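Read through the structure below, which is laid out as structure tokens, and then see the notes.
Values in this text are rule-based calculations from the coordinates and carry no lab data. As the structure is a computational prediction, the values presented were derived from the model and not from experiment. Backbone-built Cβ (ideal geometry, glycine too); neighbour counts: all protein chains shown.
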Amino acid sequence: MTVSTLTPPSVQCPECGVHSIVEYKPTVYHCLKCDFEKDLSLSPEPKSDGLGSVILGMLGFGVGLLILL
Ligand SMILES: [Zn+2]
């Protein structure tokens, strides 16, 4: 069992595919291999939950109507 003393080799660079991403700021990841950089604070994942909840709401409304009828 060899445990790396550096950053855990779990973050893979999406550009070059090498596990050389370092977290040099709390929200900024930087690739030592190809200088790829990602600032998580600037680009929050656009997980649009709006449409899903709208569809679920409509489904619930329809089911409620069916139960009432
Ligand atoms: Zn890279």
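General observations
- Under a 5 Å amide H cut-off, with hydrogens placed 1.01 Å from N, Val28 pairs with Leu40 among residues at least 5 apart or on other chains.
- Rounded to the nearest Hz, the phi-derived 3J(HN,Hα) couplings of region 25-33 under the Karplus curve 6.51 cos²θ - 1.76 cosθ + 1.60 (θ = phi - 60°) are 9, x, 10, 10, 10, 9, 8, 6, 7, where x marks glycine and proline.
- Spin-label pair Tyr24-Leu40: with each label point 7 Å from Cα along the Cα-Cβ axis, the two points sit 1.8 nm from one another.
- Computed over neighbours whose Cβ is under 11 Å from that of Val22, the net charge equals 0, Lys and Arg +1, Asp and Glu -1.
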